[in-house]
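Have a look at the structure below, then the notes.
The values are calculated or read from the model by the stated rules, or taken from the named source; none is laboratory data. Computed from a predicted model, the values in this text were never measured in an experiment. Backbone-built Cβ (ideal geometry, glycine too); neighbour counts: all protein chains shown.
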Amino acid sequence: MATKSIRNLYPKSVWGYFHELTCIPRPTGHMEEITRYVMDFGKRLRLEVKQDKAGNVLIKKPATNGYEGAKTVILQSHLDMVPQKNSDVEHDFTRDPIDIYVDGEWVKARSTTLGADNGIGCAMMMAVLADNTLQHPAIEALFTVDEEVGMDGANGLGKDFLEGTLMINLDTEELGELCIGCAGGRDVNVSFRFQPEEEIEEGDVAYKVSLRGLKGGHSGVQIHLGRANANKLMNRFLKEVVSNYEARIASVNGGSLRNAIPRESFVVLTIPEELSDDLIDLVAEYELLFREDFAGVEELISFKAERTELPKWLLPVEVQDDLINAIEACHDGVVSYLADFPGVVESSFNLALVDTREDRIEVKLLVRSSSESRKDWICSSLESLFQLAGAKVDFSGDYSGWQPNAHSELLGTMERVYFEKYNDRPKVMVIHAGLECGIIQSKVEQELDIVSFGPTIQGAHSPDEAVKIDSVGSSYEYLVEVLSRLS
């Protein structure tokens with residue numbers, strides 16, 4: 001269906017603004033154009049617009065008649081998106097617009113992430129700001145930057161940038177869920193240093209081994225689904241081919257973003273030419289093995305080997321072995337569940353990237369936990385594991401979780417509105433993802449009463465990302481009704 005029709009979906013204002021957002025490149029780290037667009041939007045509405053040192057944009061809209069004495073409401077979403085694409089498509093996220101289309105009940109993108117996370121939230125905020133027929137308290141619309149890697153916008157928020165005490169975050173991804181808490185996180189950075197070996201055995205040939213077709217996904221909210229991790233699968237193969245087929249590794253590159261379950265991995269290796277047929281057979285056996293092990297979870301696993309040019313250098317044997325053994329020993333996925341919220345993950349980590357450089361291999365992981373103590377414990381265990389393998393380990397990007405407020409007045413109002421509107425009770429929950437709510441609370445002086453909700457989004461952080469059309473309309477109607485009740 002043509003892009004033009006997307007602008008005619010209900011509600012037109014929300015889908016129109018979302019379409020405009022998809023036309024502006026906004027991967028994490030490239031926020032200049034999108035923040036300028038949002039600021040110009042606010043100025044055209046003749047509203048007060050501010051930008052802080054971190055790049056966050058705040059647009060203030062005064063209360064409507066009768067709501068002047070109500071508490072100021074902060075609406076909050078992040079402007080950046082995760083730049084993931086299938087390997088067979090050419091797309092520059094710093095330059096190219098997202099190619100969006102309607103597929104039945106869903107809006108999707110062709111072979112890339114869609115950016116509904118969190119572009120739909122931003123579009124709903126813009127629609128509220130632009131509609132002068134609505135009834136609402138004073139609104140502070142906070143558009144944060146660089147959330148997806150490091151939550152830099154929220155972390156850089158000034159203590160006096162916000163005045164509101166009620167906050168509605170629009171970054172939850174299932175209609176009917178009200179989120180009141182989330183996990184914190186910490187980046188784990190591992191580095192294996194080495195001097196490359198330039199001598200390759202006479203008679204050896206080179207192959208590029210490619211693992212593709214995995215689902216990937218959000219390393220928080222989808223970590224419990226048991227999806228395959230490309231780095232773990234590739235390493236399983238490498239352990240055998242190095243141990244039993246005289247293979248030597250030149251490079252390993254798997255995954256692309258710390259907060260996305262890795263979907264692809266690529267290795268260049270050398271092997272005696274007389275074992276070439278054995279290598280091809282082994283790759284075929286592992287493709288079948290991977291498909292059997294993940295039957296019902298992964299449908300499109302592709303594992304292939306093709307002849308390539310000899311590399312200029314190889315990993316030293318000891319580094320090669322240490323890397324393989326460390327990744328083989330490194331657990332990936334769920335570590336623990338929350339006792340008070342059955343089925344909700346408390347702690348996990350994602351073995352996100354393995355990246356070969358000229359003098360080092362970098363391994364990057366993201367640890368998430370609702371418990372600061374358990375987060376520390378997991379990081380300590382990873383530090384011990386990789387240090388035993390001779391690697392250097394450091395940590396960065398630490399952010400706090402968002403602790404639930406059992407006495408939230410905002411939650412009470414939102415539950416009542418939901419029941420009256422849908423004759424059903426919303427699911428109140430804590431999610432295993434890094435929302436900005438806890439960080440924002442820690443940055444301001446006033447106590448915030450926070451609830452998060454949003455439309456149904458599937459496959460976030462992967463090219464399978466899709467947003468359910470009718471859930472956007474329902475979410476926007478719900479937001480408008482909640483604002484009218486906060487008098």
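Those residues that are among the polar types (S, T, N, Q) and either surrounded by fewer than 24 Cβ atoms within 10 Å (Cβ to Cβ) or not in a loop (DSSP other than H, G, I, E, B) (or both), I need them from the stretch 211-227; list them, please. Please lay out each step first, then the result.
Filtering the stretch 211-227 for residues among the polar types (S, T, N, Q) gives 219, 222.
Selection gives Gln222 alone.
It is to be established whether one or more residues within the stretch 288-303 are farther than 15 Å from Ala228 by Cβ, at pLDDT 95 or above and surrounded by fewer than 15 Cβ atoms within 10 Å (Cβ to Cβ). Walk me through it before giving the result.
Just the residues of the stretch 288-303 that are farther than 15 Å from Ala228 by Cβ, to begin with: none.
No, the stretch 288-303 has no match at all.
Assuming Tyr399 fulfils every condition listed in (1) within 30 Å of Arg485 (Cα to Cα); (2) at pLDDT below 95; (3) out of contact with any Leu (no Cβ under 8 Å at 6 or more places or on another chain) apart from one, which condition is it?
(1)
Taking the stretch 313-367, which residues are at pLDDT 95 or above, among the charged types (D, E, K, R) and under 16 Å from Glu197 (Cβ atoms)?
Scanning the stretch 313-367 gives Glu318, Asp321, Asp322, Arg360.
What helices (runs of 4 or more DSSP H), lying completely within the stretch 317-427, carry at least 1 residues that are more than 30 Å from Thr165 (Cα to Cα) and not assigned by TED's automatic domain parsing to the domain that holds Val480?
Values: elements: 317-329, 372-388, 409-422.
Hits in the stretch 317-427: 317-329, 372-388.
Is it fair to say Asn169 is of a type outside the set (Asp, Glu) and buried (at least 20 other Cβ atoms within 10 Å of the Cβ)?
Numbers: of a type outside the set (Asp, Glu): yes; buried (at least 20 other Cβ atoms within 10 Å of the Cβ): yes.
Yes; evaluated as a whole, the condition is true for this residue.
Residue under question is Lys108, and the condition is that it be of a type in the set (Lys, Arg), touching an Asp or Glu at 6+ places or on another chain (Cβ under 8 Å) and buried (at least 17 other Cβ atoms within 10 Å of the Cβ); does it hold? Write out each step before concluding.
Values: of a type in the set (Lys, Arg): yes; touching an Asp or Glu at 6+ places or on another chain (Cβ under 8 Å): yes; buried (at least 17 other Cβ atoms within 10 Å of the Cβ): yes.
So Lys108 fits the description; yes.
More than 19 Å from Ile439 (Cα to Cα) and assigned by TED's automatic domain parsing to the domain that holds Thr356: does that describe Glu201?
Numbers: more than 19 Å from Ile439 (Cα to Cα): yes; assigned by TED's automatic domain parsing to the domain that holds Thr356: yes.
So Glu201 passes the test.
For the stretch 44-124, please list each of the strands (runs of 3 or more DSSP E) lying entirely inside it that holds at least 1 residues being among the hydrophobic types (A, V, I, L, M, F, W, C) and either within 23 Å of the chain's Cα centre (by Cα) or at pLDDT below 95 (or both).
Details: elements: 48-51, 57-61, 73-78, 100-103, 106-109.
Per the criteria, 57-61, 73-78, 100-103, 106-109.
All but one of (1) of a type in the set (Ser, Thr, Tyr); (2) touching a helix residue (DSSP H, G or I) at 6+ places or on another chain (Cβ under 9 Å); (3) within 23 Å of Leu9 (Cα to Cα) hold for Ser111; which doesn't?
Going through (1) of a type in the set (Ser, Thr, Tyr); (2) touching a helix residue (DSSP H, G or I) at 6+ places or on another chain (Cβ under 9 Å); (3) within 23 Å of Leu9 (Cα to Cα) one by one, Ser111 breaks only (2).
I'm checking my understanding of the structure. Among residues of the stretch 247-303 that are of a type in the set (Gly, Ala, Ser) and not in a loop (DSSP other than H, G, I, E, B), which one is farthest from Gln222 (Cα to Cα)? Break it down stepwise before answering.
The initial filter retains those residues of the stretch 247-303 that are of a type in the set (Gly, Ala, Ser), namely 247, 250-251, 254-256, 260, 265, 276, 284, 295-296, 302.
Narrowing further to those that are not in a loop (DSSP other than H, G, I, E, B): 250-251, 254, 260, 265, 276, 284, 302.
Numbers: Ala250: 32, Ser251: 29, Gly254: 19, Ala260: 9, Ser265: 20, Ser276: 38, Ala284: 29, Ser302: 21 Å.
The extreme case among them is Ser276.
Where residues in the stretch 275-292 are of a type outside the set (A, V, I, L, M) and free of Cβ contacts under 8 Å to residues at least 60 places away in the same chain, which of them is nearest to Ser243 (Cα to Cα)?
First, pick out the residues of the stretch 275-292 that are of a type outside the set (A, V, I, L, M): 276-278, 281, 285-287, 290-292.
Adding the requirement that they be free of Cβ contacts under 8 Å to residues at least 60 places away in the same chain leaves 277-278, 281, 285-287, 291-292.
Working: Asp277: 17, Asp278: 14, Asp281: 16, Glu285: 16, Tyr286: 15, Glu287: 19, Arg291: 23, Glu292: 23 Å.
In this case the residue turns out to be Asp278.
So if I check each of Val393, Val354, Val319, which one is among the β-branched types (Val, Ile, Thr) and within 19 Å of the chain's Cα centre (by Cα)?
Details: Val393 fails: within 19 Å of the chain's Cα centre (by Cα); Val319 fails: within 19 Å of the chain's Cα centre (by Cα).
One residue alone meets the criteria, Val354.
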